[in-house]
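Visitor: Quick one: this structure, given as structure tokens, is what I'll be asking you about.
The values are calculated or read from the model by the stated rules, or taken from the named source; none is laboratory data. All values derive from a computational prediction rather than experimental measurement. Note: ideal-geometry Cβ built from the backbone for every residue, glycine included; neighbour counts use all protein chains shown. Accessible surface areas use protein heavy atoms only, side chains included; no ligands, DNA or RNA. Shrake-Rupley method; radii C 1.70, N 1.55, O 1.52, S 1.80 Å.
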Amino acid sequence: MKGGGKLSKSELVQALNLNSNTKITNGSVSMMSGNVDKEGAVETLADAFKEDPWFVWAADIPQGTTSADKEKTMTKMNKNLFNLMFYVYPGALHLVIRGRNNQVVASMNICPSSNHEESFLKMIMAMFKFGLPPMYKSKEKKNYGPHSRKRLETSSLLVQRRKAHMEDIERWIYLQTIGVRSDQRGQGHGKTLLTALFQAADALKVPVYLETESKVLEDMYKYFGFKTVEVLDLVAPNDESPTACLKMYLMKRDSQ
């Protein structure tokens, strides 16, 4: 299965083997459907990433913050960022796994190469809809560290590096986010989502690109056929704190 030009959303949907009920026929994965699923996906990802190195680095929560306050602060930031992300990537596909009571327990966002960049107009609209990230708000910024805003802005370097690594490849998939609720881990949900993605990528004969910020996850993705194309140190301007540098692993998996 191979077309011309950049990979389109419709091609990716077709490769995922969706039927009229938006179910992937070879498993429990389905397309996100409606606001209930969206809210569930945001809740799931906010929970899944509350101890993630990039989110912790971006929050830069002051030392001495209690565990309860830290969790509350991280959850609030994560929900805001994931709501913005869902809104500003109109070409993304959102896949979910539901558990008991039809609750979303795992979520994955993927973008075809024709839609891997965020829409500036959508970002402006999203800010009006969901508000600025909390570290930009006068009443909430005290909950975040002095480098939080600059760290968030510095992360735009990831977009530049993604473009550079994939500029000579027209058709590819960006694995933007994948997460499983903390109380649902160890049940194979992440592997199920990745399997659906890789089956589609291999059918399309296109590579998959991702960024991860954990050596453990880098090793896991290597197991699935990814290769590290760059190790990037993210450091915000004038940030000389002990946690200033975040190491990112930029990876690509060729079709198999």
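Visitor: Could you grab me the full set of residues in the stretch 100-120 that are open to solvent by 30 Å² or more (accessible area, probe 1.4 Å), more than 28 Å from ASP168 (Cα to Cα) and in contact (Cβ under 8 Å) with a residue 12 or more places away in the chain? Can you show your working first?
Guide: Residues of the stretch 100-120 that are open to solvent by 30 Å² or more (accessible area, probe 1.4 Å), as a first pass: 100-103, 114-115, 117-120.
With more than 28 Å from ASP168 (Cα to Cα) added as a condition, the list becomes 100-103.
Once the filter is applied, which keeps residues that are open to solvent by 30 Å² or more (accessible area, probe 1.4 Å), more than 28 Å from ASP168 (Cα to Cα) and in contact (Cβ under 8 Å) with a residue 12 or more places away in the chain, the stretch 100-120 yields only GLN103.
Visitor: Let me ask another. Does LYS205 satisfy the criteria of being open to solvent by 70 Å² or more (accessible area, probe 1.4 Å), under 16 Å from the mean Cα position of the chain (by Cα) and either under 18 Å from ASN109 (Cβ atoms) or in contact (Cβ under 8 Å) with a residue 12 or more places away in the chain (or both)?
Guide: Numbers: open to solvent by 70 Å² or more (accessible area, probe 1.4 Å): yes; under 16 Å from the mean Cα position of the chain (by Cα): no; either under 18 Å from ASN109 (Cβ atoms) or in contact (Cβ under 8 Å) with a residue 12 or more places away in the chain (or both): yes.
It is false that LYS205 is open to solvent by 70 Å² or more (accessible area, probe 1.4 Å), under 16 Å from the mean Cα position of the chain (by Cα) and either under 18 Å from ASN109 (Cβ atoms) or in contact (Cβ under 8 Å) with a residue 12 or more places away in the chain (or both).
Visitor: While we're here: Where residues in the stretch 141-157 are in a helix (DSSP H, G or I) and polar (S, T, N, Q), which of them is farthest from TRP54 (Cα to Cα)? Don't jump to the end; show me each part of the working.
Guide: Here is the first cut: in the stretch 141-157, the residues in a helix (DSSP H, G or I) are 141-143, 148-154, 157.
Right, trim to polar (S, T, N, Q) and you get 143, 148, 154.
Values: ASN143: 17, SER148: 11, THR154: 12 Å.
Within the stretch 141-157, the match that is farthest from TRP54 (Cα to Cα) is ASN143.
Visitor: Then there is this: Restricting the search to the stretch 167-183, which residues are in a helix (DSSP H, G or I) and either more than 18 Å from the chain's Cα centre (by Cα) or free of Cβ contacts under 8 Å to residues at least 12 places away in the same chain (or both)? Give the derivation first.
Guide: As a first pass, look at the stretch 167-183 and keep what is in a helix (DSSP H, G or I): 182-183.
Listed by number, the list holds a single entry, ASP183.
Visitor: Let me ask another. Restricting attention to the stretch 31-80, and to residues there that are open to solvent by less than 50 Å² (accessible area, probe 1.4 Å) and charged (D, E, K, R), which single residue is nearest to TYR249 (Cα to Cα)?
Guide: Result: ASP52.
Visitor: While we're here: Out of LEU194, LEU152, report the one residue that is crowded, with 17+ Cβ neighbours inside 10 Å, of a type in the set (A, V, I, L, M, F, W, C) and within 14 Å of the chain's Cα centre (by Cα). Before you say what the answer is, go through the steps one by one.
Guide: Details: LEU152 fails: within 14 Å of the chain's Cα centre (by Cα).
None of the others qualify; the one that does is LEU194.
Visitor: Filter the stretch 211-230 for residues that are touching a residue at least 40 places away in the same chain (Cβ under 8 Å) and surrounded by 17 or more Cβ atoms within 10 Å (Cβ to Cβ); which is farthest from GLN160 (Cα to Cα)?
Guide: Filtering the stretch 211-230 down to residues touching a residue at least 40 places away in the same chain (Cβ under 8 Å) leaves 211, 213-214, 229-230.
Next, from what is left, pick out any that are surrounded by 17 or more Cβ atoms within 10 Å (Cβ to Cβ): 211, 213.
On the way: GLU211: 12, GLU213: 17 Å.
Within the stretch 211-230, the match that is farthest from GLN160 (Cα to Cα) is GLU213.
Visitor: Just the residues that are touching a Leu at 6+ places or on another chain (Cβ under 9 Å) and β-branched (Val, Ile, Thr), please, taken from the stretch 162-195.
Guide: ILE173, THR177, ILE178, VAL180 - these are the residues of the stretch 162-195 that are touching a Leu at 6+ places or on another chain (Cβ under 9 Å) and β-branched (Val, Ile, Thr).
Visitor: Take ARG181 and tell me if it is of a type in the set (D, E, K, R), on the phi < 0 side of the Ramachandran plot and buried (at least 19 other Cβ atoms within 10 Å of the Cβ). Before you say what the answer is, go through the steps one by one.
Guide: Numbers: of a type in the set (D, E, K, R): yes; on the phi < 0 side of the Ramachandran plot: yes; buried (at least 19 other Cβ atoms within 10 Å of the Cβ): yes.
Judged against the criteria, ARG181 is a match.
Visitor: Check ASP233 against each of (1) open to solvent by 40 Å² or more (accessible area, probe 1.4 Å); (2) touching a Leu at 6+ places or on another chain (Cβ under 8 Å); (3) in a helix (DSSP H, G or I) and name the one condition it does not meet.
Guide: (3)
Visitor: To continue, here is another question. Could you say which residue among LYS247, LYS252 is open to solvent by 60 Å² or more (accessible area, probe 1.4 Å) and basic (Lys, Arg)? Break it down into steps so the answer makes sense when it comes.
Guide: Working: LYS252 fails: open to solvent by 60 Å² or more (accessible area, probe 1.4 Å).
Going through LYS247, LYS252 in turn, just one is open to solvent by 60 Å² or more (accessible area, probe 1.4 Å) and basic (Lys, Arg): LYS247.
Visitor: Also, I was wondering about something else. Identify the single condition in (1) under 19 Å from LYS137 (Cα atoms); (2) touching a Ser or Thr at 6+ places or on another chain (Cβ under 7 Å); (3) not hydrophobic (A, V, I, L, M, F, W, C) that ASN78 does not satisfy, given that it satisfies every other one.
Guide: (2)
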